[in-house]
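The values are calculated or read from the model by the stated rules, or taken from the named source; none is laboratory data. Computed from a prediction, not measured in an experiment: that's the story for all the values here. As a convention, Cβ positions derive from the backbone with ideal geometry for all residues, glycine included, and neighbour counts pool all protein chains shown. For the accessible areas, the whole protein counts, side chains as well, though only heavy atoms, and no ligand, DNA or RNA atoms are used. Shrake-Rupley method; radii C 1.70, N 1.55, O 1.52, S 1.80 Å.
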Amino acid sequence: MLKESLYYGKILLFGEYGIIQDSMGLSIPYSDYNGKFLFNKKDEKSVKSNQQLFQFFQHLQNLKEKKSLPCKLDLKAFERDVKNDIYFDSSIPQGFGIGSSGAIVAAIYDRYCTENKIDANKEIENEKILALKQIFSSLESYYHGTSSGLDPLICYLNLPILIKSKTDLGTVGIPDSNEGKGAVFLINTGETGNTQPLVQHFLERCKEEGFREMLKNKFKKYNDASIEAFLKNEANSLLKNVKSLSKVLYENFQPMIPKLYRKLWKDGIDSNSYYLKLCGSGGGGYILGFTKDLEKAQNKLSSYQLDVIHRF
């Protein structure tokens, strides 16, 4: 029997790369994309998903043999389900920075964790969130080499999470979307991003003193101020800080910005009609945009599809 559980995608509004270096982060569930477990469909997509789940099962089995599974999972049940053609039916695009592997990891934990399972609820306390994050970090590293565990955490709890530091994170209320002129939107680059080499590049750059200084004095400052302004619903302060953040990203994170979007990025800053920032690790997938006047931004970006995720 399958319980009817949907696992949503997520959007890291702020904190990409910065959370690796202890800047703040803000991540929200994104219900336009989701996934769930199903059985027995025999098209190409479901067969491929089933094979991927089998490979993940083998990885977990291997961890169990080494006594390094981060939580108690019923792997016999997982193996049985895989043989009965279970697959993860997902509309979350892979490599787009909105939590495709996170949703699978959350779903596997939810379905197969047998002992001391931490339930998702609105009142969940900080230490349980940290324990979940650690479990998910270990499970999701199968996909990315290393993982913060944040994506599966958001997908599992289905709540906005404010990351103050690596050990201080909790659920948070975000302002309701209203019918203001301003908006936060997504642009689909149509390319998939590859997280691992970009994170590797970032970590290499972190060995340079100048880059570390920039992260501490500029990136962190504008990133954290943007989060505070967003949560307080202060549109002017939000846009001012996001503009500065967009500049910092443009000047220091070029490899993460797809080539075809670099001019667009700079045009937004120069014209003040919109400001772009990375959504996840970049390199493809989605780009986040912020504007004080959605209509103006839509005119400027008329050849791109904008998906509005928040109005202010």
* All positions within the range 50-98 that are open to solvent by less than 20 Å² (accessible area, probe 1.4 Å), aromatic (Phe, Trp, Tyr) and part of a helix (DSSP H, G or I) -> Phe56, Phe57, Phe78
* Structure fact -> Residue pairs within 9 Å by beta carbon, gap of at least six or interchain, first lying in the range 283-303 and at negative phi and touching a residue at least 24 places away in the same chain (Cβ under 8 Å), second assigned to a helix (DSSP H, G or I) and among the aromatic types (Phe, Trp, Tyr), listed first then second, are Ile287/Tyr261; Ile287/Trp265
* Does Lys41 count as open to solvent by 60 Å² or more (accessible area, probe 1.4 Å), more than 24 Å from Thr171 (Cβ to Cβ), in a loop (DSSP other than H, G, I, E, B) and without any contact (Cβ under 8 Å) to a residue 12 or more places away in the chain? -> no
* Test set (1) under 30 Å from Gln305 (Cβ atoms); (2) in contact with a Cys (Cβ under 7 Å, 6 or more places away or on another chain); (3) in a helix (DSSP H, G or I) - Ile135 fails condition number -> (1)
* Go through Asp307, Asp267, Asp224 for me and flag whichever is acidic (Asp, Glu), in contact (Cβ under 8 Å) with a residue 40 or more places away in the chain and in a helix (DSSP H, G or I). => Asp224
* To do: Exactly one condition in (1) touching a strand residue (DSSP E or B) at 6+ places or on another chain (Cβ under 6 Å); (2) open to solvent by less than 50 Å² (accessible area, probe 1.4 Å) is not met by Tyr8; state its number.
  => (2)
* Go through the range 240-269 residue by residue and tally those that are aliphatic (A, V, I, L, M) and within 18 Å of Gly210 (Cβ to Cβ). => 3
* To do: Report yes if Ser141 is free of Cβ contacts under 8 Å to residues at least 24 places away in the same chain and of a type outside the set (Val, Ile, Thr), otherwise no.
  => yes
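Condition test on Ile118, is it more than 30 Å from Lys232 (Cα to Cα), surrounded by fewer than 22 Cβ atoms within 10 Å (Cβ to Cβ) and among the hydrophobic types (A, V, I, L, M, F, W, C)? It would help to see each step written out before you state the result.
Working: more than 30 Å from Lys232 (Cα to Cα): yes; surrounded by fewer than 22 Cβ atoms within 10 Å (Cβ to Cβ): yes; among the hydrophobic types (A, V, I, L, M, F, W, C): yes.
The answer is yes for Ile118.
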* Can you name every residue in the range 2-38 that is at negative phi and in a loop (DSSP other than H, G, I, E, B)? -> Leu2, Lys3, Glu4, Ser5, Leu6, Glu16, Ser23, Met24
* Would you be able to say whether some residue in the range 130-153 is at positive phi, within 17 Å of the chain's Cα centre (by Cα) and open to solvent by less than 70 Å² (accessible area, probe 1.4 Å)? => yes
* Residues within the range 149-180 that are in a loop (DSSP other than H, G, I, E, B), in contact (Cβ under 8 Å) with a residue 24 or more places away in the chain and in contact with a helix residue (DSSP H, G or I) (Cβ under 6 Å, 6 or more places away or on another chain), tallied -> 0
* Of the conditions (1) closer than 18 Å to Leu63 by Cα; (2) among the small types (Gly, Ala, Ser); (3) assigned to a helix (DSSP H, G or I), Ala107 fails just one. Which one is it? -> (1)
* Neighbours by Cβ (under 7 Å, 6+ apart or cross-chain): first from the range 8-27, more than 23 Å from Asp89 (Cα to Cα) and among the β-branched types (Val, Ile, Thr); second modelled with pLDDT under 90 and open to solvent by 10 Å² or more (accessible area, probe 1.4 Å) -> Ile19/Ser148
